[in-house]
Amino acid sequence: MRISETQIRRIRSILGEDPLTGVPLKNLTSYRVGGPAEVVALPRNLESLTRLLSFARQEDIRYFILGNGTNVLFHDDGFRGLIISPLRMKNLSMEKGLSNTSLIKAQSGTPLSLVVYRACNSGLTGMESLWGIPGSIGGSVACNAGAGGVSVGDLITELELVNADGRNTSFKRGSLSYGYRFFDLPSQSIVFQASFELNSADPDEIQKKLAKFKSLRRSTQPRGFPNAGCVFKNPSPNTQAGALIDKLGFKGTKCGGAEVSSVHANFIVNRNKAKAQDILNLIETITEAAAKRVGISLELEIQIIKPSRNYA
Ligand SMILES: Cc1cc2nc3c(=O)[nH]c(=O)nc-3n(C[C@H](O)[C@H](O)[C@H](O)COP(=O)(O)OP(=O)(O)OC[C@H]3O[C@@H](n4cnc5c(N)ncnc54)[C@H](O)[C@@H]3O)c2cc1C
């Protein structure tokens, strides 16, 4: 069912401005692919976000929460329903905590890279290895983004969420579980704000660590073509998906405008005006080959979003 004109008017009154309609998802995602999104709402504050969620639920409107779009793949047919993007909510604050700690509070639309930058330049340690992850705070929590043995979940002390029924709740460290690229958030809830507690450390040491992680990322990841980072999760701590795909001989394999990166085989890059279907075809080919040839069932790290509820 399409979102009706009346429903769009209600969304407008909740937001205090027009929602966007028919925006190409390639403009909202790092892969630069994907057809039109039916309606996109960018709430500016907690109240609008809460009301929007209650409304979507009451009206049984299908919705998807989109941050910076750096870990998702939308189809060429686009998305039927409501995209809620918290990117306009990006307050960031820092306060001194007990002994040598500080507390950083970041709303969901804040770029993770900005939080990392602020932490490192304020002499706070813990986030250095997260440098270069291009997500928003909300998306980074939902995916439990991580690098260099540290993940966002390790650093969170408190999470403020809006539940699917529009209620606000907060969770202290330890009350929600997380693991390798997942965070056990209540279903369909939205991260509104995350708080991180970090320790002070020698600023020179922090800058040294940062330089090490920057150079590692620059030398191991492809640059210059749109992508969504690693496509597959590592099958085990000892088996890297990139090394496996390389061993299967896929580096440089093309489908339409998409290509398995020759720098890092777990990246599929949009080399030349790729369609989402080109990327999906490569994903399918690699998954099948891994299962048939080495008996490994690869799991996706990126999320593929179906165009509609009843899409097979
Ligand atoms: C070049 C490149 C390098 C990358 N390197 C890394 C890396 O080193 N480590 C790593 O872990 N990832 C990496 N990624 C993947 C990606 O950046 C992270 O997963 C990031 O945290 C996703 O954040 P996002 O805002 O883009 O989320 P999106 O892609 O917009 O969404 C991802 C998921 O999070 C959900 N979501 C988004 N916002 C919210 C919210 N406010 N509340 C609830 N759910 C929400 C979405 O519904 C979706 O399910 C990389 C990506 C790229 C392009």
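Quick notes
- Here is the figure for the range 276-312: residues that are surrounded by fewer than 18 Cβ atoms within 10 Å (Cβ to Cβ), within 16 Å of the ligand (Cβ to nearest atom) and assigned to a loop (DSSP other than H, G, I, E, B) total 3.
- Test for Leu82: is it buried (at least 19 other Cβ atoms within 10 Å of the Cβ) and either among the charged types (D, E, K, R) or part of a strand (DSSP E or B) (or both): yes
- Checklist (1) within 22 Å of the chain's Cα centre (by Cα); (2) more than 12 Å from the ligand (Cβ to nearest atom); (3) free of Cβ contacts under 8 Å to residues at least 40 places away in the same chain applied to Asp77, failing item: (3)
- For the range 156-165, the set of residues classified as more than 29 Å from Gln58 (Cα to Cα) and open to solvent by less than 20 Å² (accessible area, probe 1.4 Å) consists of Ile156 only.
- Residue within the range 132-149 that is hydrophobic (A, V, I, L, M, F, W, C) and more than 9 Å from the ligand (Cβ to nearest atom) present: no
- Residue check, Ala258 among the hydrophobic types (A, V, I, L, M, F, W, C) and more than 22 Å from Ala276 (Cβ to Cβ): no
- The residues of the range 94-130 that are open to solvent by 70 Å² or more (accessible area, probe 1.4 Å) and either more than 16 Å from the ligand (Cβ to nearest atom) or not assigned by TED's automatic domain parsing to the domain that holds Asp154 (or both), listed by number, are Glu95, Lys96, Leu98, Ser99, Asn100, Arg118, Asn121.
- Ile8 part of a helix (DSSP H, G or I) and either closer than 17 Å to Pro226 by Cβ or at pLDDT 95 or above (or both): yes
- Selection of the range 261-272 for residues being touching a helix residue (DSSP H, G or I) at 6+ places or on another chain (Cβ under 6 Å) and β-branched (Val, Ile, Thr) yields only Ile268.
- Positions within the range 97-114 being touching a residue at least 40 places away in the same chain (Cβ under 8 Å) and either within 15 Å of the chain's Cα centre (by Cα) or on the phi > 0 side of the Ramachandran plot (or both), in sequence order: Gln107, Ser108, Gly109, Pro111, Leu112
- Filtering the range 40-71 to residues that are under 29 Å from Asp278 (Cα atoms) and surrounded by 23 or more Cβ atoms within 10 Å (Cβ to Cβ) leaves Ala41, Leu66, Gly67, Asn68, Gly69, Asn71.
- Contact annotation: residue pairs with Cβ atoms under 8 Å, 6 or more positions apart or on different chains, pairing a residue in the range 236-263 that is touching a residue at least 40 places away in the same chain (Cβ under 8 Å) and in a loop (DSSP other than H, G, I, E, B) with a partner that is buried (at least 21 other Cβ atoms within 10 Å of the Cβ) and not basic (Lys, Arg), are Leu248/Ile286; Leu248/Ala290.
The values are calculated or read from the model by the stated rules, or taken from the named source; none is laboratory data. Here the structure is a predicted model, which means the values were calculated and not measured. A quick note on method: Cβ atoms are made from the backbone with ideal geometry, for glycine too, and the neighbour counts reach across all protein chains shown. Heads up: the accessible areas ignore ligands, DNA and RNA and are worked out on the full protein's heavy atoms, side chains in. Shrake-Rupley method; radii C 1.70, N 1.55, O 1.52, S 1.80 Å.
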